[in-house]
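Please treat every number below as a calculation from the coordinates, not as lab data. Quick caveat, the model's predicted, so the values are computed rather than measured. All Cβ positions, even for glycine, are placed from backbone atoms using ideal geometry, and neighbour counts span all protein chains on display.
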Amino acid sequence: MTTTQNTTDAAAADTALKARHRAMWALGDYHAVATEIIPDLGPVLVEATHLGPGDHVLDVAAGSGNVAIPAAAAGAHVIATDLTPELLDQGRADAEAAGVSLEWQVADAEHLPFADSSFDAVTSCVGVMFAPHHQEAADELVRVCRPGGRIGLIAWTPTGFIGQMFATMKPFVAPPPPGAQPPPLWGDIEHVRQLFGDRVTDVRASQQLLRAEAMADPVVFREYFKTNYGPTIAAYRGLADDPDRAAELDQALVDLVERFRTPDGGIGWEYLLVTATVV
């Protein structure tokens, strides 16, 4: 097989993979998750990355605007990008309702359509972590950020609740294609350091908890995610012809919540907050 054929095949495989990702995140209602369960994460990242007037900001894998809208409200000029246009449409409506102005653009986190050094800050809140090829995504975050600019990220940790949710679902879904990496690795600071290498400095990282008390009831959590969260919906669709396996996943998700609940009945979802300066 020729090099040209290999390149063509790889490009076709990547296009197909991204199409599946795009369709998965359009399932259910991620906008509900973003606005009802994790809305506090956006302002946390805006503050940590010191976004404000005069900043030209790119929010990568922005979803419906968790970071992008509060960043624009803080006075920054923001471009919000995502692979799934349905999410951007919901974010655009939210921004208009809030009287906030920003740009929305469909884009692949691994192939950003912007020139080198275009932005003062680049952010992503539980977004870029789902790009399948971590090094390519990290390279793009650095490339489009100017020297002296900031990168700010939030990702679910591998050992925290959402990281363990993906581990729980793993035996029930098809294996990822070759080269695709697990999203929660972005919640491991050593992995993030390796991705960015010596291209960033002043790296600051902290593990924090998002209180998600509305999801502390195991059945409430399971049914909410089966209805609203694309990866969970996709997992159950793959089990449509196997009710016994679906029942096993039902119980596994209930057990997961029970394992993470505190003695007072609460629950926290651990995430990694990282900021860095581009060299």
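Can you say whether Ala205 is outside any helix (DSSP H, G or I) and either buried (at least 16 other Cβ atoms within 10 Å of the Cβ) or in contact with a helix residue (DSSP H, G or I) (Cβ under 6 Å, 6 or more places away or on another chain) (or both), as far as the supplied structure shows?
Numbers: outside any helix (DSSP H, G or I): yes; either buried (at least 16 other Cβ atoms within 10 Å of the Cβ) or in contact with a helix residue (DSSP H, G or I) (Cβ under 6 Å, 6 or more places away or on another chain) (or both): yes.
Yes.
Would you mind finding the one in Gln181, Gln194 that is surrounded by fewer than 19 Cβ atoms within 10 Å (Cβ to Cβ), in a loop (DSSP other than H, G, I, E, B) and on the phi < 0 side of the Ramachandran plot?
On the way: Gln194 fails: in a loop (DSSP other than H, G, I, E, B).
Residue meeting the stated conditions: Gln181.
Please work out if Gly152 is in contact with a Ser or Thr (Cβ under 8 Å, 6 or more places away or on another chain) and over 16 Å from Tyr229 (Cα atoms). Spell out the reasoning first.
Numbers: in contact with a Ser or Thr (Cβ under 8 Å, 6 or more places away or on another chain): yes; over 16 Å from Tyr229 (Cα atoms): yes.
Against the criterion (in contact with a Ser or Thr (Cβ under 8 Å, 6 or more places away or on another chain) and over 16 Å from Tyr229 (Cα atoms)), Gly152 qualifies.
When every residue of segment 260-275 is checked against the conditions, at least one turns out to be in contact (Cβ under 8 Å) with a residue 40 or more places away in the chain and assigned to a helix (DSSP H, G or I).
Being crowded, with 18+ Cβ neighbours inside 10 Å and not in a loop (DSSP other than H, G, I, E, B) is the filter here, so list the residues in segment 44-72 that pass it. Write out each step before concluding.
Here is the first cut: in segment 44-72, the residues crowded, with 18+ Cβ neighbours inside 10 Å are 44-46, 48-49, 51, 55, 57-72.
Answer for segment 44-72, where residues must be crowded, with 18+ Cβ neighbours inside 10 Å and not in a loop (DSSP other than H, G, I, E, B): Val44, Leu45, Val46, Ala48, Val57, Leu58, Asp59, Ala68, Ile69, Pro70, Ala71, Ala72.
Checked against the criterion of being touching a Pro at 6+ places or on another chain (Cβ under 9 Å), of a type in the set (Lys, Arg) and not in a helix (DSSP H, G or I), segment 210-224 has no qualifying residue. Being within 28 Å of Thr35 (Cβ to Cβ), among the charged types (D, E, K, R) and either more than 21 Å from the chain's Cα centre (by Cα) or part of a helix (DSSP H, G or I) (or both) is the requirement here; does Asp250 meet it? Taking the combined requirement at face value, the residue satisfies it.
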